[in-house]
Amino acid sequence: MIQKICSITLLFALSTALNATTLIWDRTEARIELKPNEEEARATFTVTNRGEKTVRIARIKTSCGCTGSILDRKIIEPGKSAEVIGTFHKGKRQGLNHNKLEVFIDSQAESIATLHMIVQVPTLIDLQPKIIYWNAESTKTERSVRIQLDKRYVDEITQILYNKGQLEILSEQDPTDPNKQVLRILPKSFESVMRETIVFKATGKDDQEAEARLHVFVQP
């Protein structure tokens, strides 16, 4: 009896695996770079049924709330194709974003394909680090922050806004990299709790604007 159940299970697994292999994708990875004013990226993945049986796509599971999917048809007859459109919503994300869409067909627990959307969101003002702090064990010395502009879009820092009553700031060229600036920051007092934000504003061609924030903390 156990051997019979195992045989049935094996046949079912082979059947679903066969269904999976008859679905041919034009690609399973898309690389996209957003422009600064674009909020959404889309990538189309086309799947073709090369088998002899009709296949139904049951669902598509995404790896992030920022990623969605649009399916033009669920039932794919032999010789027919369907399109899966992956969508990525930028929100406040920057840098490289790797999102996945797992495709499931009827009567199969495991996904039959994983589609990858790799989206680069340009960081117009890159701050390293983005947070600086001092606590009771820290040395009472300045902290350095390196600033780099994505000069495809912005090429000049126009404003650095901060609380001059709380912070001393010196800006200079990075001696190790002519494309970067260094900001040297020192609180005027380490005796009380401080939470400050430094705002950087930059502009570039075609009136492109950018803003970044650096968070500064003192915890005595």
Practice task
List the number of the failed condition for LEU96; all other conditions in (1) under 30 Å from ILE185 (Cα atoms); (2) buried (at least 18 other Cβ atoms within 10 Å of the Cβ); (3) without any contact (Cβ under 8 Å) to a residue 40 or more places away in the chain; (4) not charged (D, E, K, R) hold.
Solution key: (2)
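Against the definition (among the small types (Gly, Ala, Ser) and in contact (Cβ under 8 Å) with a residue 40 or more places away in the chain), how does GLY86 come out, yes or no?
In short, yes.
Return the residues of region 128-147 that are touching a residue at least 24 places away in the same chain (Cβ under 8 Å), over 15 Å from LYS201 (Cβ atoms) and either touching a His at 6+ places or on another chain (Cβ under 8 Å) or of a type outside the set (Gly, Ala, Ser) (or both); say none if nothing qualifies.
Start the filter on region 128-147 by keeping residues that are touching a residue at least 24 places away in the same chain (Cβ under 8 Å), which leaves 130-136, 140-147.
Next, from what is left, pick out any that are over 15 Å from LYS201 (Cβ atoms): 130-136, 140-146.
The answer is LYS130, ILE131, ILE132, TYR133, TRP134, ASN135, LYS140, THR141, GLU142, ARG143, VAL145, ARG146.
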Practice task
Return the residue satisfying two criteria in turn: it lies in region 164-213 and is hydrophobic (A, V, I, L, M, F, W, C), within 19 Å of GLN148 (Cα to Cα) and in contact (Cβ under 8 Å) with a residue 40 or more places away in the chain, and of such residues it is surrounded by the fewest Cβ atoms within 10 Å (Cβ to Cβ).
Solution key: VAL199
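Only the coordinates and a few stated rules stand behind these numbers; no lab work does. Worth saying up front: this structure is predicted, and the values here are computed from it rather than measured. Heads up, the Cβs are rebuilt from the backbone with ideal geometry, glycines too, and the neighbour counts pull from every protein chain shown.
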